[in-house]
Amino acid sequence: MAKRLLQAAAVVLLTLALLEGALQLAAWWLPGRLSRAPDSARAGAIRILCVGDSHTHGAGAAVLESYPRRLEGILAQRYPQLRFEAENIGIPGANSAYVANRLERQIVERRPDLVIVWVGINNTWNPTETEDWAVGGAWSRLRRFLLHSRLVRLALVAWVTRPGATPLEPTREERLAMRGKADRAPRGHRFEEREELLGTEEAFRGLDFDLARIAEIARAHAMPLLFINYPYAFAPELREAIRSAGARLRVPVVDTLEDAARAQQDGVDPIFIWGAGYHPSGALYGYIAESVAKAAALALALPEAPAKSGRSGSSGR
């Protein structure tokens, strides 16, 4: 009996190993032969999935001033032969764990051509779904290793898309609860108070862990990925955490601090606003959308657009 169990286990393990090998080989061989670069003959629109926190959502600005809406308009103007859809699913108050835990299913269900992630500033006060941050040692290393398994990825997709699975997007009650947490979070108007708040080691370790998960998920789906950094000089540790993660993970990072500097040079006022937290003004979101559009065009392998006259960031889309 014991011998039969061992033989059965060996057969199962061998089958799993062969399946894993076949999936890994397909993942290595197919991307170079099935180009994701869009062209005018492609059916439907080029879909861009914008995920993250209130900065993706466009807090503090009108709906038409959010960076995803403007990004869609900028790309449409530069590439009139193509059609673009930039879907904004930014959740005010979301942390990096919340975004990473949902990205796999969002990619599977929405099938975008590009994913743009702007998240991290809420990590210091929002503990939602951050249980993995406290897991260290061998278990943490095992979880990271399993993220490379194609079979594990397929199992995760099957689990999160099963009938009766937890809804992908938060309910109205969950949104209100998260926004309530944001309103109660300790934050000061003075930059010094914000800088002190952002300096927690656990928050940045968790952000690095989640950005690595996000990059692995995107890579598993052969999905181009961009990170956006925050335009706040008072948060150097946060900005460096995102910059260094992007460099290590080979994910382009849009540096919006340069956009804030350009807006200041152009005499934009206000550049930042205080409303449900500290956010870019509607005008600054326009500058940010211009920078994101350049990075998105490179990620999507779009041809270089002809130069346009006029000040950067002036688009009202």
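Go over the candidates ASP259, ASP269 one by one and state the one that is closer than 19 Å to ASN229 by Cα, among the charged types (D, E, K, R) and either modelled with pLDDT under 95 or assigned to a helix (DSSP H, G or I) (or both). Quick ask: steps written out before the conclusion?
On the way: ASP269 fails: closer than 19 Å to ASN229 by Cα.
Answer to the check: ASP259.
Take region 85-120 and flag every residue that is crowded, with 24+ Cβ neighbours inside 10 Å and more than 14 Å from the chain's Cα centre (by Cα).
The one that is crowded, with 24+ Cβ neighbours inside 10 Å and more than 14 Å from the chain's Cα centre (by Cα): GLY93.
From the list ALA86, ALA94, which residue is within 23 Å of GLU65 (Cβ to Cβ) and at pLDDT 95 or above? Reasoning before the result, please.
Values: ALA94 fails: at pLDDT 95 or above.
None of the other options fit; the residue is ALA86.
So the check is Cβ under 9 Å with 6+ separation or different chains; which pairs have a first residue in region 124-142 that's modelled with pLDDT under 80 and part of a helix (DSSP H, G or I) and a second one that's surrounded by 13 or more Cβ atoms within 10 Å (Cβ to Cβ) and among the charged types (D, E, K, R)?
ASP132/ARG143; ASP132/ASP210; ASP132/ARG213; TRP133/GLU202; TRP133/ARG205; TRP133/ASP210; ALA134/GLU202; SER140/ASP132
Can you work out which of the residues in region 255-264 that are of a type in the set (D, E, K, R) and under 21 Å from VAL115 (Cβ atoms) is surrounded by the most Cβ atoms within 10 Å (Cβ to Cβ)? Steps first, please.
From region 255-264, those of a type in the set (D, E, K, R) are 255, 258-259, 262; that's our starting set.
Among the residues that remain, those that are also under 21 Å from VAL115 (Cβ atoms) are: 255, 259.
Values: ASP255: 18, ASP259: 24.
Applying the filter and picking the extreme gives ASP259.
Here's a check for you: in region 43-78, which residue that is under 13 Å from the mean Cα position of the chain (by Cα) and part of a strand (DSSP E or B) is surrounded by the most Cβ atoms within 10 Å (Cβ to Cβ)? Spell out the reasoning first.
First, pick out the residues of region 43-78 that are under 13 Å from the mean Cα position of the chain (by Cα): 48-57, 68.
Adding the requirement that they be part of a strand (DSSP E or B) leaves 48-52.
Details: ILE48: 25, LEU49: 23, CYS50: 28, VAL51: 26, GLY52: 26.
Among those residues, the one meeting the criterion is CYS50.
Which members of region 199-254 meet the condition of being farther than 16 Å from ASP113 by Cα, part of a loop (DSSP other than H, G, I, E, B) and not small (Gly, Ala, Ser)?
THR200, ASN229, TYR230, PRO231, TYR232, PHE234, ARG250, listed by residue number.
Just to verify a result, which residue in region 265-306, among those that are surrounded by 15 or more Cβ atoms within 10 Å (Cβ to Cβ) and among the polar types (S, T, N, Q), is farthest from ILE242 (Cα to Cα)?
SER281
Step by step: first the residues of region 217-243, then only those that are among the charged types (D, E, K, R), surrounded by fewer than 21 Cβ atoms within 10 Å (Cβ to Cβ) and over 20 Å from ILE48 (Cβ atoms), then the one that is modelled with the lowest pLDDT. Which residue is that?
Residues of region 217-243 among the charged types (D, E, K, R): 219, 237, 239-240, 243.
Now restrict to residues that are surrounded by fewer than 21 Cβ atoms within 10 Å (Cβ to Cβ): 219, 237, 240, 243.
Going one step further and asking which of them are over 20 Å from ILE48 (Cβ atoms), we end up with 237, 240, 243.
Working: GLU237: 90, GLU240: 95, ARG243: 98.
Among residues in region 217-243 that are among the charged types (D, E, K, R), surrounded by fewer than 21 Cβ atoms within 10 Å (Cβ to Cβ) and over 20 Å from ILE48 (Cβ atoms), the one modelled with the lowest pLDDT is GLU237.
The values are calculated or read from the model by the stated rules, or taken from the named source; none is laboratory data. As the structure is a prediction and not an experimental result, all values here were calculated from the model. Because the Cβ atoms are built from the backbone with ideal geometry, glycine has one as well, and the counts that use them run over all protein chains shown.
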